[in-house]
1. Regarding segment 338-345, can at least one residue be identified that is β-branched (V, I, T), in contact with a helix residue (DSSP H, G or I) (Cβ under 7 Å, 6 or more places away or on another chain) and either part of a helix (DSSP H, G or I) or more than 29 Å from E311 (Cβ to Cβ) (or both)?
2. Could you list, in sequence order, all residues of segment 375-392 that are of a type in the set (A, V, I, L, M) and surrounded by fewer than 20 Cβ atoms within 10 Å (Cβ to Cβ)?
3. In this structure, does K350 turn out to be in a strand (DSSP E or B), modelled with pLDDT of 95 or more and more than 27 Å from R28 (Cα to Cα)?
4. Hey, which of the helices (runs of 4 or more DSSP H) in segment 225-328, taking only ones fully inside, have at least 1 residues that are in contact (Cβ under 8 Å) with a residue 40 or more places away in the chain, farther than 23 Å from L118 by Cα and of a type in the set (V, I, T)?
5. Test each condition in (1) surrounded by 13 or more Cβ atoms within 10 Å (Cβ to Cβ); (2) under 17 Å from the mean Cα position of the chain (by Cα); (3) of a type in the set (S, T, N, Q) for Q75 and report the one that comes out false.
6. Here are some residues: G108, G30. Which one is touching a helix residue (DSSP H, G or I) at 6+ places or on another chain (Cβ under 8 Å) and surrounded by 21 or more Cβ atoms within 10 Å (Cβ to Cβ)?
7. Could you say whether any residue in segment 320-327 is surrounded by fewer than 15 Cβ atoms within 10 Å (Cβ to Cβ) and farther than 30 Å from L161 by Cβ?
8. Listed residues Q168, Q135; which is within 29 Å of G284 (Cα to Cα), touching a residue at least 24 places away in the same chain (Cβ under 8 Å) and not hydrophobic (A, V, I, L, M, F, W, C)?
Amino acid sequence: MKQSHLFTKTRFEAPKDEVSKNAELLIRAGFIHKDMAGVYSYLPLGLRVMNKLSGIIREEMYALGANEVSLAALQNKELWEKTGRWSDDVVDNWFKTEFKNGSEAGLGFSHEEPLTNLLKDHIRSYKDLPVSVFQIQTKFRNEVRAKSGILRGREFLMKDLYSFARDQKEHDEFYEKAKEAYVKIYNRAGIGEKTHLTFASGGVFSKYSHEFQTETEAGEDTIHFDAKKNIAINKEVFTDDVLESLGVDKKNLVEKKAIEVGNIFTLGTRFSEPLGLTYTDEKGEVHPMIMGCYGIGVGRLMGTIVEVLGEEDAMVWPDEVSPFKVHLISIANGDADVEKDAKEAYEKLKQAGIEVLFDDRELRAGEKFADADLIGIPHRIVMSKKTREAGTVEYQDRKKKETKNIGIDEVIETLA
């Protein structure tokens with residue numbers, strides 16, 4: 001993409017109504033636009049990052065053998081009444097609406113009920129199990145607090161995965177594989193070293209649920225982390241009994257602030273029983289299915305990456321997440337030969353299948369570099385009269401903080 005074709009512009013000053021680093025940097029860099037508190041639109045660069053993250057998540061879900069669907073956002077009141085979750089006294093973050101005929105519907109904040117009901121038409125025998133289904137879809141939650149940028153939104157993109165098994169053993173086997181898939185996702189997203197599997201409250205379904213918490217001072221949660229055992233415990237379940245059951249010594253724990261970037265729950269028969277999702281076993285006996293749910297907020301993951309890796313005026317995106325692989329910056333200053341060489345380099349990069357943002361604008365070098373720092377593409381090629389005379393380009397690997405002058409073909413070989 002040529003940067004002259006990009007309609008978005010960077011901003012020097014942070015927006016006055018934002019207090020979170022992720023929102024400040026993303027708005028200044030032209031990745032997102034704030035429509036209202038907790039509601040953001042994703043602009044071209046931001047959408048590319050979201051699509052990259054969704055692609056990583058989608059690949060790891062496919063590797064689990066999960067089926068992808070797209071379920072309706074409008075929710076049937078009757079289904080949620082059967083599970084006792086329609087009332088605002090039980091779930092206080094509903095967005096609800098009324099049809100012209102006077103009947104009510106909700107905007108989905110989760111999809112256990114509709115998917116459980118849907119599977120009744122397709123899963124009947126033990127031979128059909130286990131099965132897992134996921135979607136990456138917009139969710140709606142009527143949050144009281146929406147001051148954390150894209151970390152806590154009222155409208156947001158979420159991956160929700162649901163598993164259906166014959167018994168606890170079959171469920172547990174999938175649950176452990178889902179844990180491994182989540183670890184791969186965070187590693188690929190560039191925050192694996194800072195993200196820890198965390199024991200949290202299991203509610204009525206199991207003794208524990210598991211969260212994935214990423215260390216950062218911007219976090220709303222507090223975890224206690226044992227680096228030697230690589231075990232983290234959420235403050236909400238931090239008791240002597242829990243420490244004993246996990247074999248953790250309090251002396252080895254360090255308290256840290258963290259952001260929850262994913263969670264996984266065992267649901268048991270909480271939804272299959274009231275909604276009648278059953279299967280028939282080898283003996284002809286009927287049983288409710290054992291369920292699990294596994295969530296990742298895609299926007300929250302993007303915001304967390306910014307909180308962890310972003311600086312005051314700069315961002316360096318991880319390679320797999322960056323909107324483009326390389327930022328090509330032409331410092332021609334009216335030199336037609338430099339302009340010609342930069343255009344040829346741009347075409348070479350495209351032909352090699354390398355995603356490139358080409359800054360072909362007629363601006364001063366300082367303005368281009370300031371914009372490039374804000375946008376945060378991890379690899380940078382600078383072409384100028386000086387590099388042309390040397391027969392090279394200036395190649396920067398911003399993550400490694402390395403700069404070298406080499407030929408464009410060598411850069412392409414490195415990037416490819």
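The values are calculated or read from the model by the stated rules, or taken from the named source; none is laboratory data. Quantities reported herein were computed from a predicted structural model and do not represent experimental measurements. Glycine gets a Cβ as well: all are built from the backbone with ideal geometry, and neighbour counts include every protein chain shown.
1. Residues of segment 338-345 that are β-branched (V, I, T), as a first pass: 338.
Narrowing the set further to residues that are in contact with a helix residue (DSSP H, G or I) (Cβ under 7 Å, 6 or more places away or on another chain) leaves 338.
Going one step further and asking which of them are either part of a helix (DSSP H, G or I) or more than 29 Å from E311 (Cβ to Cβ) (or both), we end up with 338.
Yes: segment 338-345 contains one or more residues that are β-branched (V, I, T), in contact with a helix residue (DSSP H, G or I) (Cβ under 7 Å, 6 or more places away or on another chain) and either part of a helix (DSSP H, G or I) or more than 29 Å from E311 (Cβ to Cβ) (or both).
2. Just the residues of segment 375-392 that are of a type in the set (A, V, I, L, M), to begin with: 375, 377, 381-383, 390.
Result: A390, single match.
3. On the way: in a strand (DSSP E or B): no; modelled with pLDDT of 95 or more: yes; more than 27 Å from R28 (Cα to Cα): yes.
Criteria not met by K350.
4. Values: elements: 240-246, 272-275, 298-309.
Passing ranges, in order: 240-246, 298-309.
5. It fails just one condition, (2).
6. Values: G30 fails: surrounded by 21 or more Cβ atoms within 10 Å (Cβ to Cβ).
Within the list G108, G30, the selection yields G108.
7. no
8. Working: Q135 fails: within 29 Å of G284 (Cα to Cα).
Just one listed residue meets the conditions, Q168.
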